[in-house]
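Read the structure below first, then the notes.
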Amino acid sequence: MNVLVVDDELDVQPLFEQRFRKEIKKGEVSLSFAHSGEGAFSYMEQHPSEVVLILSDINMPGMSGIELLRRIRQKYNSPPPIVMMITAYSDEENYQQAMKYGADDFLTKPLDFNLLKEKLKILVS
């Protein structure tokens, strides 16, 4: 499963690589990273059929995660990538917007990696 992680915080990359090292080593998961909504959308345009799951932060400078979600849902519908939104703020407004634009799930920071891995197992089976 190719996972695109979108977050403006640069320390997210080594954290995900460390937490998923076993799955990466076994070839179960490959991780790609974008540090902005614009970068993620550009990555999607260059690799349209490769990305299976997108984990996107909501609050980023420039294109927000919600705007990225909206654009992805408009452009990529076959096969549609699974999009999980991540935010440090579990407020109702962000949740409602994410669901309105077609988010598949909504996670809060700090990420519970055990829960995330369980969700990924369900997606792959």
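The table for this structure:
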quantity	calculated
Given (1) in contact with a Gly (Cβ under 6 Å, 6 or more places away or on another chain); (2) closer than 22 Å to Glu23 by Cα; (3) of a type in the set (Lys, Arg), index of the condition Lys119 fails	(1)
Residues being among the charged types (D, E, K, R) and within 22 Å of Ile58 (Cβ to Cβ) - total across the stretch 18-36	1
Search result, residues across the stretch 67-101 that are surrounded by 15 or more Cβ atoms within 10 Å (Cβ to Cβ), out of contact with any strand residue (DSSP E or B) (no Cβ under 9 Å at 6 or more places or on another chain) and under 21 Å from Val29 (Cβ atoms)	Tyr76
Checklist (1) on the phi > 0 side of the Ramachandran plot; (2) more than 14 Å from the chain's Cα centre (by Cα) applied to Tyr95, failing item	(1)
Only listed residue being buried (at least 21 other Cβ atoms within 10 Å of the Cβ), polar (S, T, N, Q) and within 19 Å of Leu107 (Cα to Cα), chosen from Ser56, Ser36, Ser64	Ser56
Number of the condition not met by Asp104 [criteria: (1) buried (at least 18 other Cβ atoms within 10 Å of the Cβ); (2) under 20 Å from Lys121 (Cα atoms)]	(1)
Inter-residue pairs, beta-carbon under 6 Å, first more than 17 Å from Val51 (Cα to Cα) and in the stretch 112-125, second modelled with pLDDT of 95 or more and among the charged types (D, E, K, R), 6+ apart	Phe113/Arg19
Selection status of Tyr101, closer than 19 Å to Glu38 by Cβ, modelled with pLDDT of 90 or more and of a type outside the set (S, T, N, Q)	yes
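The values are calculated or read from the model by the stated rules, or taken from the named source; none is laboratory data. Since this is a predicted model, take the numbers as computed values, not measurements. Backbone-built Cβ (ideal geometry, glycine too); neighbour counts: all protein chains shown.
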